[in-house]
Amino acid sequence: MITRRTLVHTALGAFALAAAPSLSGASAKRRFKLKLAPHLGQFTAHAGAGVVDQLKFMADEGFTALEDNSMMQRPVSEQETIARTLQQLGMSLGVFVVAVGGNQNKLFTTGEKDNPKTFAKACQEAVGVAKRVNAKWMTVVPGVFTPRLPIGIQTANAIDVLRAGAEVFERENLVMVLEPLADSPDLFLRTADQAYELCRAIDSPACKILFDMYHLQQNQGSIIASIDQTWNEIGYFQMGDVPGRLWPGTGEMNYGNIFKHITSKMRESGREFIFGMEHGPWKAEKAGERACIESYVAIDAAL
């Protein structure tokens, strides 16, 4: 889950917003080439707290997708409102997180007999939400290490549990995406090659990699080379700059080059992805929100 942090940046100047069009006929003054997916709460200084107003603002700014980690925790009525509004705006829905007890869960590596059944049940509940909100991708974080067990045994245990979930999602033509994280050294899944190994072992179209470049820059680096090595098992991308977990251009990562490389590979392979904007701004502040948007405008113009 995203950890709120203090906004640290040099604010770009404010830009005038065009008048918002009607919901049923939203016509953005631009449309990003990539399916960039902001989060609810990312632009509240401009759009306010209302879900529908936030989605309209995103569409008016040219975004064509939404990402919502907490979808499973939302009331059904709010899920339905989001799904209906996205459809009216011509937007797609990216990942939400399968509820298995948070990032520190112990469901995958311990080898307990009921773990596969427990995970399959959580996946079945996620299927119901996915159908309600027209989602295809769901994030799975395979929890923490079990220090008393050798790493190979833990990996085999994780494969058994993940296979049980893949069977559920494959029946429904849905996809779980495994996310390596940098939040804690106690987490089991930390690199793209490790996620690639799991996906190859599970051998299902319902199990792919969530290639979060913010986390992978910290744990391994070599983002472009890693994309090439794991390309066939990547199902979804997320981004955030390092350090600070803010938008591209605020840290050390050359997102211009990274996106050029990804779009070239997309053209060559005929593949398409949603790119989750899992980063700040962390405060409702118009200058920061505008700087975030304009960073993607600059990248988009170079693609």
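Between residues in region 98-127 that are among the small types (Gly, Ala, Ser) and residues that are outside any helix (DSSP H, G or I) and open to solvent by 90 Å² or more (accessible area, probe 1.4 Å), which pairs lie under 8 Å by C-beta distance while being six or more apart or on different chains?
The qualifying pairs are GLY102/MET1.
Taking the stated definitions as given, is GLY288 in contact with a His (Cβ under 8 Å, 6 or more places away or on another chain) and assigned to a helix (DSSP H, G or I)?
On the way: in contact with a His (Cβ under 8 Å, 6 or more places away or on another chain): yes; assigned to a helix (DSSP H, G or I): yes.
Yes, satisfied.
Here is a list of conditions, (1) within 18 Å of the chain's Cα centre (by Cα); (2) at pLDDT 95 or above; (3) closer than 30 Å to PHE63 by Cα, and GLU125 meets all of them except one; can you say which number that is?
(1)
Anything in region 96-107 that is surrounded by 21 or more Cβ atoms within 10 Å (Cβ to Cβ) and touching a Leu at 6+ places or on another chain (Cβ under 7 Å)? List them, or say none.
Residue satisfying the conditions is VAL100 alone.
Among the candidates PHE96, PHE108, which residue alone is more than 20 Å from the chain's Cα centre (by Cα) and closer than 23 Å to PHE211 by Cβ? Give the steps one after another, and end with the answer.
Numbers: PHE96 fails: more than 20 Å from the chain's Cα centre (by Cα).
That would be PHE108, the only listed residue that is more than 20 Å from the chain's Cα centre (by Cα) and closer than 23 Å to PHE211 by Cβ.
The values are calculated or read from the model by the stated rules, or taken from the named source; none is laboratory data. Since the structure is predicted, the reported quantities are computational estimates derived from the model, not experimental observations. Here the Cβ is made from the backbone with ideal geometry for all residues, glycine too, and neighbour counts use every protein chain on show. These area figures cover heavy atoms from the full protein model, side chains too; ligands, DNA and RNA do not enter into them. Shrake-Rupley method; radii C 1.70, N 1.55, O 1.52, S 1.80 Å.
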